[in-house]
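Taking it in order: structure first as structure tokens, then the write-up.
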Amino acid sequence: MTQLLVFGAREDAEEVAGTLGEWFPGLGVPRVVRETLAGEDDAEDAQWLVVVEGLDQAALGKVDELAERYDGWRETG
């Protein structure tokens with residue numbers, strides 16, 4: 001199942017993606033993308049997303065704690 005980690009700053013998203021890549025090397029490096037909303041021209045306030053797939057239930061608690069350290073949160077996509 002795809003998990004989305006949501007952050008306000010690109011630097012935070014990139015740091016978390018790198019950490020997750022180290023913690024779970026079998027996943028590869030998670031993707032960092034800019035949230036886009038249909039019909040939205042100005043992406044200035046858009047959130048940064050770390051897209052992760054293949055995490056098991058046991059890993060999600062660690063992922064949630066990591067996201068919270070960077071003022072982010074996890075959503076299921």
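Of everything in the stretch 28-47 that's farther than 19 Å from Met1 by Cα and at pLDDT 85 or above, which residue is surrounded by the fewest Cβ atoms within 10 Å (Cβ to Cβ)?
Arg34
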**Item:** Search result, residues across the stretch 52-67 that are surrounded by fewer than 16 Cβ atoms within 10 Å (Cβ to Cβ) and in a helix (DSSP H, G or I)
**Value:** Gln57, Ala58, Leu60, Gly61, Lys62, Asp64, Glu65
**Asked** Counting just the residues of the stretch 12-23 that are out of contact with any strand residue (DSSP E or B) (no Cβ under 8 Å at 6 or more places or on another chain) and not acidic (Asp, Glu), which one comes out surrounded by the most Cβ atoms within 10 Å (Cβ to Cβ)?
**Response** Thr19
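The values are calculated or read from the model by the stated rules, or taken from the named source; none is laboratory data. Not measured: the values here are computed from a predicted model. FYI the Cβ positions are ideal-geometry reconstructions off the backbone, even for glycines, and counts take in every protein chain you see.
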